[in-house]
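Peer 1: Dropping a structure here in structure tokens format, bear with me for questions.
The values are calculated or read from the model by the stated rules, or taken from the named source; none is laboratory data. Quantities reported herein were computed from a predicted structural model and do not represent experimental measurements. Note that we place each Cβ from the backbone using ideal geometry, even for glycine, and neighbour counts take in every protein chain shown. Quick note on the areas: whole protein, heavy atoms, side chains included, nothing else; ligands and nucleic acids left out. Shrake-Rupley method; radii C 1.70, N 1.55, O 1.52, S 1.80 Å.
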Amino acid sequence: MNKILKEKIREAYTSVLPISVIVLVASVVLVPMPTGTILMFIVGAALLIVGMGFFTLGADMAMMPMGEGIGIQLTKTTKLVLTLVISFFMGVIITIAEPDLQVLAAQVPSVPPVTLILTIALGVGLFLSLAILRILFKIRLSILLLIFYGVVFGVTLFTPVNFIPVAFDSGGVTTGPITVPFILAMGVGVASIRSDKDSQDDSFGLVALCSIGPILAVLILGMFFKPTGAEVGAFAIPSVETTRDVIEHFAIEFPEYTKDVFLALAAIVVFFIIFQVVSRRYQKHQLGRIFIGFLYTFIGLVVFLTGVNVGFIPVGHFLGEQLGASPYKWILVPLGILIGYFIVAAEPAVHVLNKQVEEISRGTIPQKAMKRGLSIGMAAALAITMVRILLGIPIMWILIPGYAFALILTFFVPRIFTGIAFDSGGVCSGPMTSTFLLPLAMGVCQGVGGNLMTDAFGIVAMVAMTPLIVIQIMGLLYGHKIKTATKLAEEQVMDTTGAGEIVEYRVEDSSDDKQ
Amino acid sequence: MTNSDGIKIPLLKCVIFIVDWTKAQVVTDIFEQEKVRFHFISKGRGTARSDILDILGIGSTEKAVIICLEQDIGVPVLLKEVAKKLGLHNPGAGIAFTLPLSGINQPILQVFKTSIEKNFNISIEKEVEKVSTETKFDLIVSVVNQGYSDEFMTVAREAGATGGTVINARGIAHQGPVKFFGISVQDEKEIITILATREKKALIMQAVSQAFGINTKAGGIIFSLPVDGVAGLDLK
């Protein structure tokens, strides 16, 4: 069988299988579920595997070369204003295209979805050009992060409490499967034609800044819109009796996601065609591959989103609600840790980040290490969220010390890790989070009888925060390893006598080149 | 070989491995074990066997290009070890070859001193297997502008090439780079390496020079290097 195909299929099912097994076991041991719901979950998981395979292949073929190419070409124009204007529009278009955002927008009460989406898109656009500016002017990422998170926490003082979790969630959600591969690749592209010694470190950090834009934008929006509390509609488990019902549920939703993803990708394809006409960067052969890549991305996202939205939302909600109302509430904490540890691999954008990290670091930060780090981060996020919902702890009590700690760490961690860590916050919180974890948290919240707006929302914010700390701690250990290695090398000082002397080999010694 | 002071100078070879990216760790582990100094890893892209597979995105695989220096009598051991661990004789598993050096700077040579003594003793004790110097292969190295490697390989394949590896690179021009806010902006290049038998070499080089030579848009600089030891390439 074809090597790459085999690799992609293996990657997809090993990502989705563990989390499916956990849920199935839980449905037998902890919370007996209606057969129909479980059947829908299994079909959803199968669609997830297929969709994920196509998506990662498509991202490799289309989104990454395109983002990288645009990044390179932008820098090559050496026109600052043009570069900034194009990055701004790129940010806006790609955010409007993000399907995750539409899911979130539909769930936020009181604000019309169009207003929310446009606000967020403006936020991303502004911060994307800011992030490009940062790479060009070589401003240290941690300083910008410190300033902007300072502003964010300052603004929260003036925003209604109910709005804060939604704002932080939108920061995580916006950076989903369409934006992440593109923005990540763009950063790599811009940094790649710089030839100074820090260029590698600056490849990351674009997603990090782009996640702040929406938070700030929504917080400011919150000052003008007064949401009226928990208006989130109670979720009804769809009634499913026969296998035909199962397929029907998927079939109804399928055209909807086809349309969403089509519009999203169409915007990007149009932009890409304009880019190609102006720059003539890609040759015939590459163009063919990029368009096939778009097709794969399209198929992958439609299948993935249908599977996860139809199959996973009811199960997450049901699981959460039953356990939240049961006397064994405490089991939610270990279960959350288990789910968190394994669910991160099912986020499509995570694979893109891990691969990019391995590539830029030339293999010194392997995909396996990244995966483990993110898994630990996600497990911590879920543990905190469950405890928070059960005890009703206000979100700011966790966000402020969490971010403060993460920001302090930036000054002690090798720079490349700061970029990767803050990027991974946005990357981890993708469609799996909004379609399985959010309903799970909402279910728990209903089961316990807590405040949906302040307790359940905010799980995305947690998922977006803990990896910042875990990946940076990983960076600390890595930096320590490098330091001891260089110390060891210093001990075996190289003999530099005759540094300019060249030893010549005579040709007949080395090879008999008879031509 | 001795230099003017009568000190024995080890003959060094440049050993290049091109293996699957996921297998790079296996090779570096062997390096550790064999005490190979100075190795560099760079990421390359294997070229597809057919155009259709390539367009469908399931043709080209990611490759690690690992370059190291090793003393000539250490090379057979190294090649054998890597071939054993990776099964280089299987088609597509990877290739390894050595290139002769024409010179090296003194301090690097000093580092090899300890292993020289050891290897020298071994070579006296018993007849050490030597890398065959009857070379049958050449490495065609082409540097072209970004984006031309796919078409380049199509032409090369028609002329008889069995495969190649593409490495992304940055060109450094004679005039110095364009500056943009203190950042030097440089041309992107692609380096295409093709290992070919001596008979096929001329044909391939002619074909690609005509289509992608220095006068074309691709601006290709094409040259070949003699290769003296090869592992893992079943070419007849």
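Peer 1: Filter the range A:236-268 down to residues that are over 30 Å from A:Gln322 (Cα atoms) and surrounded by 17 or more Cβ atoms within 10 Å (Cβ to Cβ) and give me whichever is farthest from the chain's Cα centre (by Cα).
Peer 2: Top of the filtered list is A:Thr258.
Peer 1: Now for a different question. Tell me whether the range A:282-302 contains one or more residues that are within 21 Å of A:Gly53 (Cα to Cα), in a helix (DSSP H, G or I) and away from chain B (no Cβ under 14 Å).
Peer 2: yes
Peer 1: The conditions are (1) modelled with pLDDT under 90; (2) open to solvent by 50 Å² or more (accessible area, probe 1.4 Å); (3) not in a helix (DSSP H, G or I), and B:Gly176 fails exactly one of them. Which is it?
Peer 2: (2)
Peer 1: Collect the residues in the range A:288-312 that are open to solvent by 30 Å² or more (accessible area, probe 1.4 Å) and modelled with pLDDT under 90, keeping them in residue-number order.
Peer 2: Listed by number, the list holds a single entry, A:Arg289.
Peer 1: Right, something else. For the range B:36-87: of the residues being assigned to a loop (DSSP other than H, G, I, E, B) and away from chain A (no Cβ under 12 Å), which is farthest from A:Gln200 (Cα to Cα)? So that I can check it myself, show each step before the final result.
Peer 2: Looking only at the range B:36-87, we keep the residues that are assigned to a loop (DSSP other than H, G, I, E, B), and these are B:36-38, B:47-50, B:56-61, B:72-74, B:87.
Checking the rest, the ones that are also away from chain A (no Cβ under 12 Å) come to B:36, B:73-74, B:87.
Numbers: B:Val36: 27, B:Ile73: 37, B:Gly74: 34, B:Gly87: 34 Å.
Among residues in the range B:36-87 that are assigned to a loop (DSSP other than H, G, I, E, B) and away from chain A (no Cβ under 12 Å), the one farthest from A:Gln200 (Cα to Cα) is B:Ile73.
Peer 1: Regarding the range A:403-419, can at least one residue be identified that is modelled with pLDDT of 90 or more and over 26 Å from A:Thr364 (Cβ atoms)?
Peer 2: yes
Peer 1: Would you pick out the residues in the range A:1-28 that are open to solvent by 70 Å² or more (accessible area, probe 1.4 Å), away from every other protein chain (no Cβ under 14 Å) and more than 22 Å from the chain's Cα centre (by Cα)? Quick ask: steps written out before the conclusion?
Peer 2: Taking the range A:1-28 first, the residues open to solvent by 70 Å² or more (accessible area, probe 1.4 Å) are A:1, A:3, A:6-7, A:9-10, A:13, A:17, A:21, A:25, A:28.
Imposing the further condition that a residue be away from every other protein chain (no Cβ under 14 Å) reduces the set to A:13, A:17, A:21, A:25, A:28.
Scanning the range A:1-28 gives A:Val21, A:Val25, A:Val28.
Peer 1: Quick one: would you say A:Ile143 is surrounded by fewer than 22 Cβ atoms within 10 Å (Cβ to Cβ), β-branched (Val, Ile, Thr) and within 24 Å of A:Gly71 (Cα to Cα)?
Peer 2: yes
Peer 1: Output the qualifying pairs, or none if there are none: Cβ atoms under 8 angstrom, residues six or more apart or on different chains, first residue in the range B:80-91 and of a type outside the set (Gly, Ala, Ser), second residue in a loop (DSSP other than H, G, I, E, B) and surrounded by fewer than 12 Cβ atoms within 10 Å (Cβ to Cβ).
Peer 2: Once the first residue is of a type outside the set (Gly, Ala, Ser) and sits in the range B:80-91, its partners that are in a loop (DSSP other than H, G, I, E, B) and surrounded by fewer than 12 Cβ atoms within 10 Å (Cβ to Cβ) give B:His89/B:Asp234; B:Pro91/B:Asp234.
Peer 1: Just give me the residues in the range B:32-41 being in contact (Cβ under 8 Å) with a residue 40 or more places away in the chain and crowded, with 17+ Cβ neighbours inside 10 Å, in sequence order.
Peer 2: Selection gives B:Val36 alone.
Peer 1: Using the structure shown, decide if A:Met52 is open to solvent by less than 10 Å² (accessible area, probe 1.4 Å), under 22 Å from A:Arg244 (Cα atoms) and in a helix (DSSP H, G or I).
Peer 2: No.
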